[in-house]
Amino acid sequence: MSHTVKIVEVGPRDGLQNEKQPVDVATKLGLIERLVAAGVRHIEAASFVSPKWVPQMAGSAEVMQSVVRGGGVVYSALTPNLQGLEAAIAAGCDEVAVFGAASESFSQRNINCSIRESLERFRTVLEVAAAHSLPVRGYVSCVLGCPYEGPIAPEKVAEVAYMMREMGCHEISLGDTIGRGHPASTRRMLDACLLKLPAAQLAGHFHDTYGMAIANTVAALDMGLRTFDSSVSGLGGCPYAVGASGNVATEDVVYLLDGLGYETGIDLAKLVEAGAFISAALGRATASRVARAMAGTPSA
Ligand code: HMG
Ligand code: MG
C-alpha cells in the first residue's frame, strides 16, 4: 500500500471563508506563497459562490488570477453551479469542486436546494467541466453528523459519494463538517463507502471541534485512505454549520504522517512559518498543537 499521502490544503478557502474580519487579497496570496514554499502542491485557494452567502470569498477571481503558477501546484476552487464554474474557468482554476451533503437539511441551508436537485446541478457542472478538460472533485458534507439532523446513516453518505463518482468526480472528499466524529463512527462510515468506492478515490476531511480529527485521520489511514484535507493553523469552519470549528491543522497532520513514515513532500518547519504568517495577520494564536509545541508555546 502506498506510503505517499496527498494533502489538500484548504486553509485559503475552508479556513478563511468563515472569518468575520476582512482578509484582503494580498494576505491570501501571502499565505498561498508560503504554503507553496513549504512544498504544498494541492491548494484550495478560492470559492466561486454567491458573495451574498459567503462574503469573505468575494475576491476569489483576483486570488486565482494572481497566484504564481508552476512547480506542479494544483489550484482549485469550489463551484456550486454553472455560474461558479464559468467564473472558475475564466479565473484559470486547475481543478474545481462541487459540494453536496448527506443531510437534506444541511443541503437546503448551505446551497439552497435538496440533495437530488444538487446532484442534477452538479451533473451539468461536470459536463461543462469535462468539455474544458477540468478535473472535478466532489465533497460530501455531514458524513459524521449534521448540525440540524444529528446522526447521518453511513449508507446515505456512501450513496451520495457513489453518485458523485458516477457522474465523473475523480475524488470524493468526505467531510465531517461539524467535527463530531470519532474513530468508531469514522470506521463505520468508511466501511459503507468502501463497499461502493475504492479507497484511492476517497479523501478524509476532518474538522476538529471535538479534538478527534487526528484520531479520525489515523482510522482512515488504517482503512487505506491516502488523501486528506487540512487547514494550516487549524483555520476554518462553515458559515452554515454554526459552532463547528476549524479543519484539522495541516501542521498536526504532517507531524503525524512524518512520524508514521509517510511521504507528503511538505517541510514542517516552513509550514509552521506559513501558519505563523496567517495567525499574525488574523491577530490570534494558532490552533495547531504542533505549531505551538514547536514555538515553545503551551497549548490552550
Ligand atoms: P440561490 O440564492 O439559490 O441562487 O443560492 P440563485 O441561482 O437563485 O441566484 C441568486 C443570486 O445569487 C443571483 O444574484 C445570482 O447571480 C447569484 P442576484 O440576481 O440576486 O444579484 N449567484 C451567484 N453569484 C456568484 N457566484 C455563484 C452564484 N450563483 C448564484 N456561483 C447558491 C444558491 C449555491 C449560489 C448559494 O446557496 C451559495 O452560494 N452557497 C454557498 C454556501 C457556501 O459556500 N458554503 C460553504 C462552503 S461548503 C463547506 O464549507 C463544507 C466543506 O468544507 C466540506 C465539509 O466540511 O463538510 C466543502
Ligand atoms: Mg470543511
### Query
Quick one: which of Ala161, Ala213, Ala219 is open to solvent by less than 20 Å² (accessible area, probe 1.4 Å) and in contact with a Pro (Cβ under 9 Å, 6 or more places away or on another chain)?
Ala219
### Query
Only one of these conditions is not met by Leu197: (1) within 16 Å of ligand 2 (Cβ to nearest atom); (2) of a type in the set (A, V, I, L, M, F, W, C); (3) touching a Phe, Trp or Tyr at 6+ places or on another chain (Cβ under 8 Å). Which number is it?
(1)
#### Entry: Of the criteria (1) in contact (Cβ under 8 Å) with a residue 40 or more places away in the chain; (2) under 15 Å from Tyr139 (Cα atoms); (3) open to solvent by less than 10 Å² (accessible area, probe 1.4 Å), which one Ser118 fails
(1)
### Query
Which residue, of Leu235, Leu174, is within 11 Å of ligand 2 (Cβ to nearest atom), over 20 Å from Gly100 (Cβ atoms) and within 13 Å of the chain's Cα centre (by Cα)?
Leu235
### Query
Here are Leu271, Leu256, Leu225: which of them is part of a loop (DSSP other than H, G, I, E, B) and buried (at least 18 other Cβ atoms within 10 Å of the Cβ)?
Leu225
### Task
Can you give me the number of residues within the stretch 174-190 that are under 11 Å from Cys142 (Cβ atoms), open to solvent by less than 20 Å² (accessible area, probe 1.4 Å) and not small (Gly, Ala, Ser)?
5
### Message
Need a quick list: helices (runs of 4 or more DSSP H) entirely within the stretch 91-167 having at least 2 residues that are within 14 Å of ligand 1 (Cβ to nearest atom) and touching a Cys at 6+ places or on another chain (Cβ under 7 Å).
### Response
104-111, 154-166
### Query
Scanning for something open to solvent by 50 Å² or more (accessible area, probe 1.4 Å), over 18 Å from Ala241 (Cβ atoms) and more than 16 Å from ligand 2 (Cβ to nearest atom), does the stretch 94-101 turn up at least one residue?
yes
#### Entry: Filter result for Val242 (among the β-branched types (Val, Ile, Thr), more than 14 Å from ligand 1 (Cβ to nearest atom) and open to solvent by 30 Å² or more (accessible area, probe 1.4 Å))
no
### Residue pairs meeting the criteria (Cβ under 6 Å; at least 6 apart or on separate chains; first away from ligand 1 (no atom under 15 Å from the Cβ), in the stretch 189-212; second open to solvent by 60 Å² or more (accessible area, probe 1.4 Å) and not hydroxyl-bearing (Ser, Thr, Tyr))
Ala192/Glu155
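The values are calculated or read from the model by the stated rules, or taken from the named source; none is laboratory data. Model, not experiment: these values are computed from the prediction. Heads up, the Cβs are rebuilt from the backbone with ideal geometry, glycines too, and the neighbour counts pull from every protein chain shown. In case anyone asks, the SASA skips ligands and DNA or RNA and just uses the protein heavy atoms, side chains included. Shrake-Rupley method; radii C 1.70, N 1.55, O 1.52, S 1.80 Å.
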